[in-house]
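Structure record follows, encoded as structure tokens.
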Amino acid sequence: MQIKSAQFAISSTSYDKCPKANLPEYAFIGRSNVGKSSLINMITGVKKLAKTSTTPGKTQLINHFIINESWYLADLPGFGYAKISKETRAKWGKMINGYLLKRETLLNTFMLIDSRIEPQRSDLEFMEWMGTNEIPFVIVFTKTDKLKRGELAENLECYKKKLNESWEELPLIILSSSSTKTGREEILNFIEETNALFEVNKD
Ligand code: GTP
Ligand code: MG
């Protein structure tokens, strides 16, 4: 799929303030600093569309971007960031969970995981929560450019083994790098196919 246009739409503090739910939508979720905003920029090919930072906790609201005037990407705040206050963390948690549970047009959530680190309890629990609540998701391993091929393969195997402990069937797993554009085609193809299903099921 070609990206013809990508624009910022709106920042919202909760799901009920988001744009009218009439287009297919995809959200990016994951721990702070995992690379959600960078991935949105990489996929759309618009460098500063979503604001990124070397410091975790940059994205603080639900940010909608409209792509090709026909579907939305939503950038979300990160979870598991230790340096924010308990109150803020609770607020962000509520905002994210409410959005994921209530957003009718959310077709898929890209669950981002840093390919360099071992499986984190918060990530595993979050995926289980999505599973329980029937929120469809795809796993995207980020920052693969920072690993040697062998290390990446090893980490991937380790992660799959961990997932196999609690999942009967593994979700789709995509390897990505915002630096080398790895994973771009795969993510865009997935979105294109899912958009087509939305068209079919609309009426
Ligand atoms: P929050 O909004 O704080 O939750 O973070 P985020 O998940 O949106 O992360 P963001 O995209 O802001 O990226 C965090 C840092 O990681 C930035 O310094 C990025 O340049 C860097 N980064 C993101 N993706 C990649 C990648 O694929 N490769 C490399 N080498 N660095 C990356
Ligand atoms: Mg961000």
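Kindly evaluate LEU100 against the criterion of being closer than 20 Å to ILE187 by Cβ, in a helix (DSSP H, G or I) and touching a helix residue (DSSP H, G or I) at 6+ places or on another chain (Cβ under 9 Å).
The answer is yes for LEU100.
Specify which of the listed residues (PRO119, PRO136) is surrounded by fewer than 20 Cβ atoms within 10 Å (Cβ to Cβ), away from ligand 1 (no atom under 13 Å from the Cβ), closer than 23 Å to GLU193 by Cα and not small (Gly, Ala, Ser).
Matching residue, one of PRO119, PRO136: PRO136.
Go through (1) within 12 Å of ligand 1 (Cβ to nearest atom); (2) out of contact with any Phe, Trp or Tyr (no Cβ under 7 Å at 6 or more places or on another chain); (3) modelled with pLDDT of 95 or more one by one and return the number of the condition LEU61 breaks.
(3) is the only condition that LEU61 fails.
Since GLN120 meets every condition but one in (1) at positive phi; (2) at pLDDT below 95; (3) not charged (D, E, K, R), which condition does it not meet?
Just one mismatch for GLN120, condition (1).
Select from segment 139-151 the residues that are assigned to a helix (DSSP H, G or I) and open to solvent by less than 30 Å² (accessible area, probe 1.4 Å) and list them in ascending order.
Result: THR144, single match.
Listed residues MET42, MET1; which is within 14 Å of ligand 2 (Cβ to nearest atom) and either touching a helix residue (DSSP H, G or I) at 6+ places or on another chain (Cβ under 8 Å) or at positive phi (or both)?
MET42
How about segment 65-97: which of its residues are closer than 30 Å to GLN2 by Cβ, away from ligand 1 (no atom under 11 Å from the Cβ) and not in a loop (DSSP other than H, G, I, E, B)?
Correct list: PHE65, ILE66, ILE67, TRP71, TYR72, LEU73, ALA74.
So, GLU104, is that one in contact (Cβ under 8 Å) with a residue 40 or more places away in the chain, over 15 Å from the mean Cα position of the chain (by Cα) and open to solvent by 10 Å² or more (accessible area, probe 1.4 Å) or not?
So GLU104 fits the description; yes.
Restricting to segment 19-52, name every residue that is open to solvent by 50 Å² or more (accessible area, probe 1.4 Å), within 12 Å of ligand 1 (Cβ to nearest atom) and out of contact with any strand residue (DSSP E or B) (no Cβ under 7 Å at 6 or more places or on another chain).
Hits for segment 19-52 are ASN33, LYS47, LYS48, LYS51, THR52.
One residue is enough: does segment 163-174 have a residue meeting the conditions within 16 Å of ligand 2 (Cβ to nearest atom), hydrophobic (A, V, I, L, M, F, W, C) and closer than 18 Å to GLY30 by Cβ?
Checked against the condition, which is being within 16 Å of ligand 2 (Cβ to nearest atom), hydrophobic (A, V, I, L, M, F, W, C) and closer than 18 Å to GLY30 by Cβ, segment 163-174 yields no hits at all.
Would you point out which residue out of THR59, THR55 is among the β-branched types (Val, Ile, Thr) and more than 15 Å from the chain's Cα centre (by Cα)?
THR55
So for segment 176-183 (the condition being within 16 Å of ligand 2 (Cβ to nearest atom), in contact with a strand residue (DSSP E or B) (Cβ under 6 Å, 6 or more places away or on another chain) and open to solvent by less than 60 Å² (accessible area, probe 1.4 Å)), does at least one residue qualify?
Scanning segment 176-183 turns up at least one residue that is within 16 Å of ligand 2 (Cβ to nearest atom), in contact with a strand residue (DSSP E or B) (Cβ under 6 Å, 6 or more places away or on another chain) and open to solvent by less than 60 Å² (accessible area, probe 1.4 Å).
Could you tell me whether any residue of segment 59-71 is hydroxyl-bearing (Ser, Thr, Tyr) and open to solvent by 60 Å² or more (accessible area, probe 1.4 Å)?
no
The values are calculated or read from the model by the stated rules, or taken from the named source; none is laboratory data. Quantities reported herein were computed from a predicted structural model and do not represent experimental measurements. Cβ coordinates were reconstructed from backbone atoms using ideal geometry, including for glycine residues, and neighbour counts include every protein chain displayed. For the accessible areas, the whole protein counts, side chains as well, though only heavy atoms, and no ligand, DNA or RNA atoms are used. Shrake-Rupley method; radii C 1.70, N 1.55, O 1.52, S 1.80 Å.
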